[in-house]
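**Student:** Once you've had a glance at the structure underneath, I'll fire off some questions.
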Amino acid sequence: MTFLKKAASVAAVAALAASTAMTASAETTKLRIQTHYAPETVSGQLAGQYMQDIMDMSNGEIEVEMFYSSSVVKSVETFDAAATGILDCDMTGGGYQTGKNSAFQFVGDIMGGYDTPYQQLSWLYFGGGKEAAAPLYNKYGMELIGWWVYGQESFASSKPIKSVADFKDWKFRSPPGMQTKIFESLGASPIVMDFTEIFTALETGIIDGADASGLANNVGLGLYDIVGHANFPGFHSMPSDHLACNKAVFDAMPAHHQKIMKVAMEALALRTALTFEKKNAEAAAQLREQGIELHQWTREDLQEFRNAAQAAWGDFADTPEAEALVASHLNYLGQLGLVSK
């Protein structure tokens, strides 16, 4: 064999070996993820974009089977379903787990704390939030991947909710946790029910109103096809939707897959906040044209609600994890000038 032929043969073998090595090094992560959002809502569409992002950025190495509208288990059961292996990841929110540990209130819906999603996200990523939250999630076999925060929520109601006085005897759907205590103290009658039951409960008159989501999501759910009142801008609730995965599953993923999922969550967080700035404004204009009344609260009524909310924080800080999270929030809120140090 001539030198040139030998060289060509060696090069071919080397190329084949390199190709084989590349194929062997490719690892696949398969994830089953559930969200409570319907695919046609703004948040449902954003969740779908996140899934497409992580699949594209991993060159198909991450595969996702996505379940919308809590189609596998109820919204409140998603976290445990992921922790026990029925699912792999939970894309609902920590607020559904307050019955497990009150600390989840302070990663789920802080209430009466931050004014904007940007402030709330800055606590998580730059104010010590992820470090404070990690032990809570790890305690239950889960890993917090990140947050996506759409901003302040708006009520859907069959009667005007113009001020604190209008809460008296108002029956409304509430998520579990601290919110029920706050609104009871203000005269309302909160009824805890699953996110997927809101439309029917409003339609049948079981409730007078609902704390469901942001204005644009409420439109997507069809709530204002049933009731004629909303408050906008919202003020009472700014939930942190999370992506949390089974810790054993996440720890077993290749490092670059973990990185893709976490960085993509930061992109989703910014995309969500920016999207809802626009979508909520468009929804407000659409609703006004349809004759839906939008009520904006006075500064005095907003402060009355804020005071009631912050008074409830101490009652819910009844576990070491909750105490640590409240201390972290108060420290950061003080830095932002939102509470007095």
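Where a number appears in this text, it was derived from the coordinates with a stated rule and is not lab data. None of the values given here were measured: they were computed from a predicted structure. Cβ: placed from backbone, ideal geometry, glycine included. Neighbour counts: every protein chain shown.
**Student:** In sequence order, what are the phi-derived ³J(HN,Hα) couplings for segment 160-166 according to the Karplus relation 6.51 cos²θ - 1.76 cosθ + 1.60 with θ = phi - 60°, rounded to whole Hz, with x for glycine and proline?
**Tutor:** Those phi angles translate into x, 10, 8, 7, 4, 4, 6 Hz.
**Student:** Could I ask something else about it? When the chain is modelled as a GNM with alpha-carbon springs shorter than 10 Å, which of Lys259, Lys74, Lys130 fluctuates the most?
**Tutor:** Sorting by GNM fluctuation, first place goes to Lys259.
**Student:** On a 0 to 90° scale, report how tilted helix 117-126 is relative to the longest principal axis of the chain, with both axes built from alpha carbons and the result rounded to the nearest 10.
**Tutor:** With both axes taken from Cα atoms, the answer is about 50 degrees.
**Student:** Treating the angle as unsigned and between 0 and 90°, give the value, to the nearest 10°, between the Cα long axis of helix 255-289 and the longest Cα principal axis of the chain.
**Tutor:** 40
**Student:** Further, regarding this structure: Take every DSSP beta bridge whose two residues both sit in the chain, then give the antiparallel share in percent to the nearest 5.
**Tutor:** Numbers: 15 of 32 bridges.
Of all bridge pairs located within the chain, approximately 45 percent are antiparallel.
**Student:** In terms of the Cα gyration tensor, with a ≥ b ≥ c the square roots of its eigenvalues, is segment 69-177 rounded because a/c is under 1.5, prolate because a/b exceeds b/c, or oblate? It would help to have the intermediate numbers written out before the result.
**Tutor:** On the way: a/c = 2.27, a/b = 1.40, b/c = 1.63.
Oblate, because a/c is 1.5 or more while a/b does not exceed b/c.
**Student:** Further question: Under the rule of at least 5 residues apart or a separate chain, name every residue whose amide H is placed under 5 Å from the amide H of Glu63.
**Tutor:** So Glu63 has HN proximity to Thr29, Lys30, Leu31.
**Student:** Would you mind checking the tilt of helix 320-336 against the longest principal axis of the Cα atoms of the chain, expressed as 0 to 90 degrees and rounded to 10?
**Tutor:** Once rounded, one gets 80 degrees.
**Student:** Let me ask you something else. Expressed in nm to one decimal, what extension gain is obtained for the pair Gln45 and Lys139 from 0.36 nm per residue of sequence separation less their Cα-Cα distance?
**Tutor:** Working it through step by step, the gained length comes to 30.7 nm.
**Student:** Work out how much length Thr84 to Ala248 would gain on full extension: take 0.36 nm times their residue separation and subtract the Cα-Cα distance, in nm to one decimal.
**Tutor:** Stretched fully, the Thr84-Ala248 segment lengthens by 58.0 nm.
**Student:** Compute the FRET efficiency between Gln335 and Arg299 as 1/(1 + (r/R0)^6), taking r as their Cβ-Cβ distance and R0 = 25 Å, and round to the nearest 0.05. Present the calculation step by step, with values, prior to reporting the outcome.
**Tutor:** Values: r = 23 Å, r/R0 = 0.92.
Taking R0 as 25 Å, the efficiency between Gln335 and Arg299 is 0.65.
**Student:** Can you compute 3J(HN,Hα) from phi for each residue in segment 207-213, using the Karplus curve 6.51 cos²θ - 1.76 cosθ + 1.60 with θ = phi - 60°, rounded to whole Hz and x for Gly and Pro?
**Tutor:** Coupling constants for segment 207-213: 10, 8, x, 8, 9, 10, 7 Hz.
**Student:** Another question, then. Could you give me D for the chain, from Stokes-Einstein at 10 °C and 1.306 mPa s, where the hydrodynamic radius is the Kirkwood radius over C-alpha pairs? Units µm² s⁻¹, please.
**Tutor:** Estimated diffusion coefficient is 74 µm²/s.
**Student:** Hey, another quick one. Just report the Cα centroid separation between segment 28-50 and segment 287-317, whole Å.
**Tutor:** Going from one Cα centre to the other spans 29 Å.
**Student:** Note down the nm distance, to one decimal, between modelled labels 7 Å out along Cα→Cβ at Glu266 and at Thr28.
**Tutor:** Taking the simple label geometry, Glu266 and Thr28 are separated by 3.0 nm.
**Student:** What full-extension length gain, to one decimal in nm, is calculated for Asp318 and Lys168 as 0.36 nm per residue of separation minus the Cα-Cα distance? Intermediate values should be presented prior to the final figure.
**Tutor:** On the way: separation 150, 0.36 × 150 = 54.00 nm, distance 2.85 nm.
My answer for the length gained is 51.2 nm.
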